[in-house]
Amino acid sequence: MLDGKRILVTGAAQGMGREIAIEAARQGAEYVSVADRNLDGAKEAADEIEKLGIGAQAIDVDLANSDEIRAMIEQAVAGGGGLDTLINNAGVMEGAFTADTSFEDLPEDVWDKVFDINVKSIWLATKFAAPHLRASGRGPSVINAASVAGMVGYVSTAYPASKAAVIQLTRTTAVALSPEIRCNAFCPGSIATPMSDAFLASAPDYDAQLQRMTGAHLIPRFGTSGEIAKVVAFLASDAASFLTGVILPIDGGTTAWRGLRN
Ligand SMILES: NC(=O)c1ccc[n+]([C@@H]2O[C@H](COP(=O)([O-])OP(=O)(O)OC[C@H]3O[C@@H](n4cnc5c(N)ncnc54)[C@H](O)[C@@H]3O)[C@@H](O)[C@H]2O)c1
């Protein structure tokens, strides 16, 4: 349960972030800030949270911009009267910026954009949040969205390298902010969200891509945002109070074998 926690979730207008924000409210969070560059989507999520009787606000942010990240943290602290949990969920694949996603064709500026949003923004948000988290007194922690794509080789160029960086940044953060602030990462397998819909739709062979995405799971289906949100809520809760520096796959068993279901 997340009673009393004031929580900020990035990339929460849709997909996993939205479900994480709503699950936090269901589990009794005191206040939830929903940050995204899609302000309309963020407002919808905040409205849904308020309907559960929990205070919420939508924050308009472009996580590629350092000043906006600083302002996001300040707005979250002002809205909640403090900050206890920072969930760095937002992430992008190179396909959001270009059709040339292959190793040899990927434009250099797209590599930089993916790293700015997936990695640098997490360092900046955590750095700006750290003094507030240290002052929280309510079991503060940081939770980062990595990916199984950061743990094993993957058919994409900048994205897996960026997620591997998130994994190491998580450990670095756990070390730097200990003992007061915990920091953990979760590594989803293929989860049904607008991101995985787009990845599937961009493949030349839809059925082959679908099999690669779901057949590599021991539980051969897409995971759901709800299945992610419940584990993330546990990481944020005081039930996980001795857990820091952990990289937790939520992947239907993908990283436990190297097979493919027919
Ligand atoms: N869906 C999957 O199968 C999967 C698998 C492994 C890891 N992940 C990771 O989990 C996280 C959530 O994924 P998802 O599938 O819900 O993604 P999604 O694309 O459905 O949602 C991501 C959200 O982040 C926001 N966002 C993107 N760039 C932003 C920016 N510059 N500033 C502010 N907001 C921005 C988008 O507007 C969107 O609302 C991501 O970090 C993703 O890399 C997803």
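Read-outs throughout are calculated quantities, based only on the coordinates presented, and are distinct from any laboratory measurement. Note that the structure is predicted; figures quoted are calculated from it, not measured. Using ideal geometry, Cβ is built from the backbone for each residue, glycine included, and neighbour counts are taken over all protein chains shown.
Here are the numbers for this structure:
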read-out	value
Exposed chymotrypsin sites (Phe, Trp or Tyr not before Pro) absent - longest run of the chain, DSSP non-H/G/I/E/B, at most 16 other C-beta within 10 Å	1-102
Per-residue Cβ neighbour rank within 10 angstrom, fewest leading, Val119, Val231	Val231, Val119
Debye log10 I(q)/I(0) for the stretch 1-87, one point scatterer per Cα, at q = 0.15, 0.16, 0.23, 0.24 Å⁻¹	-0.43, -0.49, -1.02, -1.12
Sum of side-chain charges, Phe199 neighbourhood, beta-carbon under 15 Å (Lys, Arg +1; Asp, Glu -1)	-2
Rounded to 10°, Cα long-axis angle of helix 225-236 versus longest principal axis of the chain	40 degrees
Helix-only CD estimate at 222 nm, as mean residue ellipticity for the chain, using -39500 (n - 2.57) per DSSP H run (n ≥ 4)	-13500 deg cm²/dmol
Residues Val232, Val92, sorted so that the one with the fewest Cβ neighbours within 10 Å comes first	Val92, Val232
Neighbour-count order for Leu8, Leu106, Leu218, fewest beta carbons within 10 angstrom listed first	Leu218, Leu106, Leu8
Qualifying GluC sites (Glu not before Pro) for the stretch 83-145 [loop in DSSP, other Cβ within 10 Å: at most 11]	Glu104
Filter on Lys5/Lys127; Lys5/Lys43; Lys5/Lys51; Lys113/Lys230; Lys5/Lys113 - keep pairs with C-alpha separation over 25 Å	Lys113/Lys230; Lys5/Lys113
From the C-alpha gyration tensor of the chain, square roots of 5λ in Å	29, 19, 18
